[in-house]
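Some notes on the structure that comes next.
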Amino acid sequence: MSENAPENAPETLPDRLSVDPRSPFYQEVLLARGVGIRFNGTEKTNVEEYCVSEGWVRVSVGKAVDRKGQPLTLKLKGTVEPYFRDVAEG
């Protein structure tokens, strides 16, 4: 584990994870460690939520926001491969 990773962070990623604190799939400990997403073999940096078993990601669409100030998202279907950034980089 890297020096800046939280002590209680699990070693495996869940089937579904969201960056929105209002979501039931939000896990701050995992996000603090750094999660990367490879979608259909391409690195994605604008993923808001993913589900491996259902094969989709929600990506933010530009800088557009809805009337509540949340980013507009688009659901894309394909192969989802989440990974910890600290493991991939070092």
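The values are calculated or read from the model by the stated rules, or taken from the named source; none is laboratory data. Being a predicted model, the structure only gives us computed values, none of them experimental. Cβ coordinates were reconstructed from backbone atoms using ideal geometry, including for glycine residues, and neighbour counts include every protein chain displayed.
In region 48-82, what residues are surrounded by 14 or more Cβ atoms within 10 Å (Cβ to Cβ) and touching a Leu at 6+ places or on another chain (Cβ under 9 Å)?
Matches in region 48-82: Glu49, Tyr50, Cys51, Val52, Trp56, Val57, Arg58, Val59, Ser60, Pro82.
What tally of residues in region 55-84 results from selecting those that are of a type outside the set (S, T, N, Q) and touching a residue at least 12 places away in the same chain (Cβ under 8 Å)?
Count: 18.
Can you name the residue in region 54-90 that is closer than 17 Å to Gly36 by Cβ and part of a loop (DSSP other than H, G, I, E, B) and is also modelled with the lowest pLDDT among such residues?
By that ranking, first place goes to Gly90.
Starting from region 24-38, keep only residues that are of a type in the set (Asp, Glu), then list their pairs with residues that are at pLDDT 95 or above and not in a strand (DSSP E or B) whose Cβ atoms are within a distance under 6 Å, requiring at least 6 positions of separation or different chains.
Note: no pairs meet the criteria.
Please work out which residue is farthest from Lys77 (Cα to Cα), limiting yourself to region 22-54 and to residues that are out of contact with any Phe, Trp or Tyr (no Cβ under 8 Å at 6 or more places or on another chain) and basic (Lys, Arg).
Arg22
Go through region 53-74 and give me each residue that's of a type in the set (Val, Ile, Thr) and touching a Pro at 6+ places or on another chain (Cβ under 7 Å). Break it down stepwise before answering.
Keep residues of region 53-74 that are of a type in the set (Val, Ile, Thr), which gives 57, 59, 61, 65, 73.
Val65 - this is the single residue of region 53-74 that is of a type in the set (Val, Ile, Thr) and touching a Pro at 6+ places or on another chain (Cβ under 7 Å).
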